[in-house]
Amino acid sequence: MENELYDVVIIGAGPAGMGAAVYAVRAGLKTLVLDRSPMSGGQILTTYEVDNYLGLPGLSGGELADKFREHADRLGVTFVTENVRTVENVAETVEYRIYTDKNTFQSKTVIFATGASHSLLDVPGEKEFTGMGVSYCATCDGAFFRKRTVAVVGGGDVAVEDAIFLAKICQKVYLIHRRDQLRAANSLQKKLFSLENVEVIWDSEIREILGTDKVTSVSLYHKKNGEQSKLDVNGVFIAVGVVPDTVLCKGLVEMDDKGYVIADETCATSKKGIFVVGDIRKKQMRQIITAVADGANAVGSVQSFLMEGKL
């Protein structure tokens, strides 16, 4: 496998990467998917319920990821679990070499589908109590706080989904948001506001996460009146956005000041033969359905590039 020349190597096995893999294999391209995790799915593995993917309402993120992977496996997509360290352009022999911790792979084109990571609050106590009351995944860690009191931080879809999920197993859930209205979809907000054991704390920020060997409380700053208070909680679930995992792209392709790769709907980057899909592409909406669409578009662009040497 290491000595083979691939038509396309896809780095990342989230929805965008698996979408690209399905289209690439169906197009007859010699395809390899590299991902550092043995579990395909990316961020959707931590999503409690996906209700906006066309034709498959009400599935958990894990169930949807399984369906994506089953589809790819049925078509014979080759997945390798290895961590990619760097991608190098070596046009005198092949277009690209992809170096992992164990091997070197060669490919005519590369599709980056590396996804995004959770943003941090960057407050005292956050790092110290990560895994001891601080979590970034409600579906992963919520069961540890059954019948206890927790706080969720954020105001978008993920934060509201987390609060709804935790309300089913926790005694009390506080949703702490720095503004006076949520950004989440109206359907999620309606469900949230109908829950008796959820309380929204508006216009507030966590300034410090407190505890000894585990989280016991948070220090809040109330933006409108300037007051500070302490809120007793057993856990803090942080859902304040994501940052693109584009370390591998640095120095290869054009990026914006936030670290997103600049590419239009063709998914072609500033570097010939390199394409980018999913949450790392600069675009208006980052959803599962748009990630999968990116994968399809990128493969169309790969085919054009391989046939003509250009888009």
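The values are calculated or read from the model by the stated rules, or taken from the named source; none is laboratory data. Values in this document were obtained by computation on a predicted structure and should not be read as measured data. Every residue, glycine among them, receives a Cβ derived from its backbone with ideal geometry; neighbour counts consider all protein chains shown.
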Of these, L231, L195, L252, which one is buried (at least 19 other Cβ atoms within 10 Å of the Cβ) and at negative phi? L252
If a residue must be basic (K, R), part of a loop (DSSP other than H, G, I, E, B) and under 17 Å from I10 (Cβ atoms), how many such residues does the range 264-307 contain? 1
Say we look at the range 169-181 and pick out the residues that are part of a strand (DSSP E or B) and not aliphatic (A, V, I, L, M); which of these is nearest to the chain's Cα centre (by Cα)? Y174
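Kindly indicate the residue of the range 116-141 that is farther than 19 Å from E205 by Cα and among the hydrophobic types (A, V, I, L, M, F, W, C) and also nearest to the chain's Cα centre (by Cα) among those meeting that condition.
A116
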Selection from the range 138-155 of residues small (G, A, S) and at pLDDT below 95 yields A138, G142, A143
Per the list (1) touching an Asp or Glu at 6+ places or on another chain (Cβ under 9 Å); (2) closer than 21 Å to D162 by Cβ, residue check on G62 breaks on (1)
Yes or no: V22 touching a residue at least 24 places away in the same chain (Cβ under 8 Å), of a type in the set (A, V, I, L, M) and in contact with a strand residue (DSSP E or B) (Cβ under 9 Å, 6 or more places away or on another chain)? no
Within the range 182-223, how many residues turn out to be part of a loop (DSSP other than H, G, I, E, B) and free of Cβ contacts under 8 Å to residues at least 24 places away in the same chain? 3
Looking at (1) part of a strand (DSSP E or B); (2) assigned by TED's automatic domain parsing to the domain that holds D203; (3) out of contact with any Leu (no Cβ under 9 Å at 6 or more places or on another chain), which one does S229 not meet, given that it meets all the others? (3)
Only residues that are exposed (fewer than 15 other Cβ atoms within 10 Å of the Cβ) and within 18 Å of T100 (Cβ to Cβ): list them for the range 1-46, please. M1, E2, N3, E4, L5, R36, S37, P38, M39
Can you confirm whether the range 136-146 contains a residue that is polar (S, T, N, Q) and farther than 12 Å from I238 by Cα? yes
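Return the total of residues in the range 66-88 being small (G, A, S) and closer than 13 Å to G12 by Cα. Lay out the reasoning, then the answer.
Step one: list which residues in the range 66-88 are small (G, A, S), which gives 72, 76.
Applying the additional criterion that residues be closer than 13 Å to G12 by Cα yields none.
So the answer is 0.
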Every residue from the range 240-282 that is without any contact (Cβ under 8 Å) to a residue 12 or more places away in the chain and of a type in the set (K, R): K250
So, in the range 20-30, exactly how many residues are more than 20 Å from N83 (Cα to Cα) and either outside any loop (DSSP other than H, G, I, E, B) or hydroxyl-bearing (S, T, Y) (or both)? 5
Here are V292, V247: which of them is closer than 22 Å to Y96 by Cβ and among the β-branched types (V, I, T)? V247
Taking V236, is it in contact (Cβ under 8 Å) with a residue 40 or more places away in the chain and not in a helix (DSSP H, G or I)? yes
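Against the condition over 24 Å from the mean Cα position of the chain (by Cα) and either within 26 Å of P124 (Cα to Cα) or surrounded by 15 or more Cβ atoms within 10 Å (Cβ to Cβ) (or both), how does K283 come out, does it pass? Let's see the steps before the verdict.
Values: over 24 Å from the mean Cα position of the chain (by Cα): no; either within 26 Å of P124 (Cα to Cα) or surrounded by 15 or more Cβ atoms within 10 Å (Cβ to Cβ) (or both): yes.
Criteria not met by K283.
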